[in-house]
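Visitor: Following this message is one structure expressed as structure tokens.
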Amino acid sequence: MPLYIREIRLGLDEEEDELLPKAAQRIQIRKEQIVKYKIVRQSIDARDKGDIHFKYGVALYLADAREEICISQRTGAEYLKEEYPAEIPAGQTPLYKRPVIAGAGPAGLFCAYLLSVYGFSPLLIERGKGTDERISDFEALNEKGVLDPESNVCFGEGGAGAFSDGKLTTRIKDARAGTVLKLLIKAGAPEDILYAAKPHMGTENIRQAVKALRGMIEENGGDVRFNTCLSDLTIAEGALATVTFRSAGHMEEEAADILVLATGHSSRDTYALLKEKGVALHKKPFAVGLRIEHPRELIDASQYGRFFAHPRLGAAEYRMTSRSGNRGVYTFCMCPGGLVINASSEEGHTAVNGMSYYKRDLENSNSAIVVTVGTDDIPGDELAGVEFQRRWEKACHAAAGGYGAPCQRTEDFLKGRKTKSFGIVQPTIKPCAAAADINECLPGFVLQGLKSGIEDFSRKLKGFNMPDAVLTGAETRTSAPVTIPRGDSLEAVGVKGLYPAGEGGGHAGGIVSAAVDGLKVAEAIIGKYKPHYY
Ligand SMILES: Cc1cc2nc3c(=O)[nH]c(=O)nc-3n(C[C@H](O)[C@H](O)[C@H](O)COP(=O)(O)OP(=O)(O)OC[C@H]3O[C@@H](n4cnc5c(N)ncnc54)[C@H](O)[C@@H]3O)c2cc1C
């Protein structure tokens with residue numbers, strides 16, 4: 001088993017070739033004894049602005065495993081832990097119909113991939129279009145303000161993460177996260193995602209990877225269909241019985257034993273369908289707020305001091321939290337050197353989010369700044385959170401007068417006056433930034449939280465409240481406003497064969513955790529059933 005050496009320090013101007021002698025020195029061996037080494041982790045230590053440096057974790061492979069054991073015993077060096085069970089014990093219950101997976105976001109794609117590897121030949125249906133056509137629809141929204149409610153930033157191959165920064169950080173501690181990263185590399189992602197402390201792929205690499213993943217699913221016998229929306233299902237005696245798909249205006253019903261519901265947090269009609277069918281749903285807290293844009297250089301300088309332009313550092317990130325009364329206020333989904341984008345998926349509604357390319361080298365850095373919305377803030381039934389989101393998305397749409405988004409200088413927002421023109425920071429949202437007073441576009445408790453958060457964050461990050469920083473509204477789709485509870489088998493409570501997966505059911509938040517959840521659901525199916533439909 002390879003040895004793992006942590007915390008090897010490299011200066012900003014030292015080459016990675018220095019890692020091998022430094023690692024060898026740490027465990028007092030000659031570098032020639034090392035047959036191979038692999039970078040397992042890389043992070044930037046910027047705590048002391050006068051001494052910014054890299055920290056590496058490196059796996060060392062020696063010629064002889066006995067030698068590795070001796071060195072570990074002598075020096076206390078740890079071993080590199082293995083990550084994922086290679087084999088999932090196969091189940092024996094005969095399955096007579098292929099599993100259906102609704103939604104080709106990270107949860108659906110990774111679930112379909114694993115099922116396909118184990119010979120389940122799943123059917124993966126996606127309401128939106130394939131990546132290339134989806135990009136055209138995204139461009140049409142940006143250029144002409146025309147929204148396709150079935151093909152946009154939330155719907156289509158790759159799901160909500162396809163037009164993103166492709167951040168792959170996750171707070172979940174699950175060994176499957178490593179598997180997700182390795183599969184993404186197999187699908188063409190940059191190899192540094194495996195060891196960077198804050199890995200990101202950039203939207204262009206995510207889009208390529210999801211296409212490659214689709215190819216792998218198909219190669220393994222899976223069937224992937226776009227423009228195909230799960231529009232109905234029936235439940236008989238506590239078990240899934242049929243599913244109905246809508247495709248180009250046609251309805252198709254098929255008998256089904258397994259439906260993986262990986263439809264994401266924006267599939268509001270699917271939540272309504274589940275409610276109508278009596279599937280258990282609960283209201284869930286979420287958060288809403290705005291995107292804030294600063295000059296990238298300002299953020300870089302605040303995080304890296306005099307090293308801010310060093311070519312090896314890249315665009316800087318931040319993550320900050322605060323309190324406003326009993327509410328949380330926090331920054332979220334930061335996109336360094338990126339763009340604010342229109343993430344609407346319903347006509348007459350405006351929602352925004354962020355996206356970056358791999359290089360993260362555009363003029364502005366943006367992040368969401370959001371305030372928590374508790375279940376007490378949304379009186380009403382299980383879907384009250386959806387209606388809350390809709391209400392404020394409509395207000396933003398009205399304020400922008402179409403598919404642009406309402407934007408405001410931070411100084412104007414804090415003083416409650418409408419912005420007349422923008423200054424040093426130019427908004428990046430397309431098709432247009434409508435100068436507005438965002439104070440009209442969100443509820444009072446959210447505005448109050450945002451204002452106190454902006455002031456607090458500017459104490460931690462100098463310039464955060466710069467007068468010209470641009471706020472764009474509204475960021476409403478931070479997570480699902482609903483939970484679809486599931487039992488130990490990962491099936492929806494009381495409905496055999498229905499597996500909620502990923503963010504839409506409240507079981508994940510972010511690309512990696514949604515993909516991990518998709519793998520978990522696939523494992524549950526593989527561990528129980530044996531395909532009998534050939
Ligand atoms: C613009 C943007 C940027 C983001 N950036 C990041 C980031 O950098 N890093 C990160 O970790 N997370 C990011 N996120 C969040 C991340 O994308 C989500 O957490 C993740 O995609 C959730 O995965 P999922 O598979 O559960 O659902 P989704 O990705 O939402 O996928 C659900 C899929 O189901 C399809 N669908 C919905 N209803 C139906 C139906 N009835 N029938 C068939 N198909 C259906 C949808 O079209 C969609 O493709 C971002 C989100 C957005 C919107």
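Visitor: From the backbone phi of segment 387-399, what are the Karplus-calculated ³J(HN,Hα) couplings (6.51 cos²θ - 1.76 cosθ + 1.60, θ = phi - 60°) in whole Hz, Gly and Pro given as x?
Guide: So the Karplus estimates, Gly and Pro as x, are 5, 4, 4, 4, 4, 7, 5, 5, 4, 5, 4, 5, 5 Hz.
Visitor: For segment 3-79, calculate the relative contact order in percent as a whole number, restricting contacts to Cα pairs under 8 Å that are 6 or more residues apart.
Guide: 40 percent
Visitor: I've got another one for you. Of I429, V446, H53, which is farthest along the charge dipole of the chain in the positive direction, counting Lys and Arg as +1 and Asp and Glu as -1 at C-beta?
Guide: After comparing all options, I get H53.
Visitor: Next question. Taking a cut-off of 27 Å, what percent of all Cα-Cα pairs in segment 285-475 are separated by more than that?
Guide: 24 percent
Visitor: OK, next. Residue by residue, what Karplus-based ³J(HN,Hα) values in Hz, rounded to whole numbers, does segment 70-81 have, using 6.51, -1.76 and 1.60 with θ = phi - 60° and x for Gly and Pro?
Guide: Calculated HN-Hα couplings, in order: 4, 5, 4, 5, 6, 10, x, 4, 8, 9, 6, 6 Hz.
Visitor: Expressed as a whole percentage, what fraction of the accessible surface of the chain belongs to carbon and sulfur atoms when a 1.4 Å probe is rolled over the protein heavy atoms?
Guide: Heavy-atom surface of the chain belonging to carbon and sulfur, 1.4 Å probe: 50 percent.
Visitor: Mean separation of Cα pairs under 8 Å and 6+ residues apart, divided by the residue count of segment 285-475: what relative contact order is that in percent?
Guide: Values: 446 pairs, mean separation 56.7, N = 191.
Reported as a whole number, the value is 30 percent.
Visitor: Related question: Would you pull out the residues with amide H under 5 Å of G354's amide H, same chain only if 5 or more places away, H placed 1.01 Å from N?
Guide: It is I341, by chain and number.
Visitor: With +1 assigned to the C-beta of every Lys and Arg and -1 to the C-beta of every Asp and Glu, and no other charges, what is the dipole magnitude of segment 172-229 about the Cα centre in debye, to the nearest 20?
Guide: On the way: 9 positive and 7 negative charges, 32 e Å.
Result for segment 172-229 is approximately 160 debye, rounded to the nearest 20.
Visitor: Calculate, in nm to one decimal, what K182 and T244 gain on full extension: separation in residues at 0.36 nm each, minus their alpha carbon distance.
Guide: Numbers: separation 62, 0.36 × 62 = 22.32 nm, distance 3.44 nm.
The K182-T244 span can extend by a further 18.9 nm.
Visitor: A further question follows. Expressed as a fraction of 2.2 N^0.38 Å, the rule-of-thumb size for a compact globular protein of N residues, what is the C-alpha radius of gyration of segment 273-320?
Guide: Here the answer is 2.16, to two decimals.
Visitor: To the nearest 20 Debye, how big is the dipole of the chain about its Cα centre, given +1 on the beta carbon of each Lys and Arg and -1 on that of each Asp and Glu?
Guide: Dipole size: approximately 1160 debye.
Visitor: Follow-up. With θ set to phi - 60° and the Karplus curve 6.51 cos²θ - 1.76 cosθ + 1.60, what are the ³J(HN,Hα) couplings of segment 131-143 in order, to the nearest whole Hz, using x for Gly and Pro?
Guide: Those phi angles translate into 3, 5, 5, 5, 4, 4, 5, 5, 5, 5, 5, 5, 8 Hz.
Visitor: On alpha carbon coordinates alone, what is the Rg over Rh value for the chain, Rh being the Kirkwood radius?
Guide: Here Rg/Rh amounts to 0.99.
Visitor: So, one more: Taking 8 Å as the Cα distance limit and 6 or more residues as the minimum spacing, I'd like the relative contact order of the chain as a percentage. Could the numbers behind the result be given before it?
Guide: Numbers: 1304 pairs, mean separation 102.2, N = 534.
The normalised contact order for the chain reaches 19 percent.
Visitor: Taking only DSSP H segments of four or more residues, each worth -39500 (n - 2.57), what value at 222 nm results for the chain once the sum is divided by all its residues, to the nearest 500 deg cm²/dmol?
Guide: Mean residue ellipticity at 222 nm (helix-derived): -8500 deg cm²/dmol.
Visitor: Given a 1.4 Å probe, how much area per residue of the chain is accessible, in Å²?
Guide: Averaged over the residues of the chain, the accessible area is 41 Å².
Visitor: Could I ask something else about it? I429's amide H: which non-local residues (gap 5+, or another chain) put their own amide H closer than 5 Å, with H modeled 1.01 Å from N in plane and none for Pro or chain starts?
Guide: Amide H to amide H, under 5 Å and 5 or more residues apart or across chains, I429 pairs with V340.
Visitor: Modelling each spin label as a point 7 Å along the Cα-to-Cβ direction, I'd like the T375/E455 distance in nm, to one decimal.
Guide: Reported label-point gap for T375 and E455 is 3.3 nm.
Visitor: If amide hydrogens are placed 1.01 Å from N in the peptide plane, which non-local residues have theirs closer than 5 Å to the one on C407?
Guide: Amide H to amide H, under 5 Å and 5 or more residues apart or across chains, C407 pairs with A434, A435, A436.
The values are calculated or read from the model by the stated rules, or taken from the named source; none is laboratory data. No experiment lies behind these values; they were computed from the predicted model shown. With ideal geometry, Cβ positions are generated from the backbone for all residues, glycine too; neighbour counts draw on all protein chains shown. Ligands, DNA and RNA are excluded from the accessible area calculation, which covers all protein heavy atoms including side chains. Shrake-Rupley method; radii C 1.70, N 1.55, O 1.52, S 1.80 Å.
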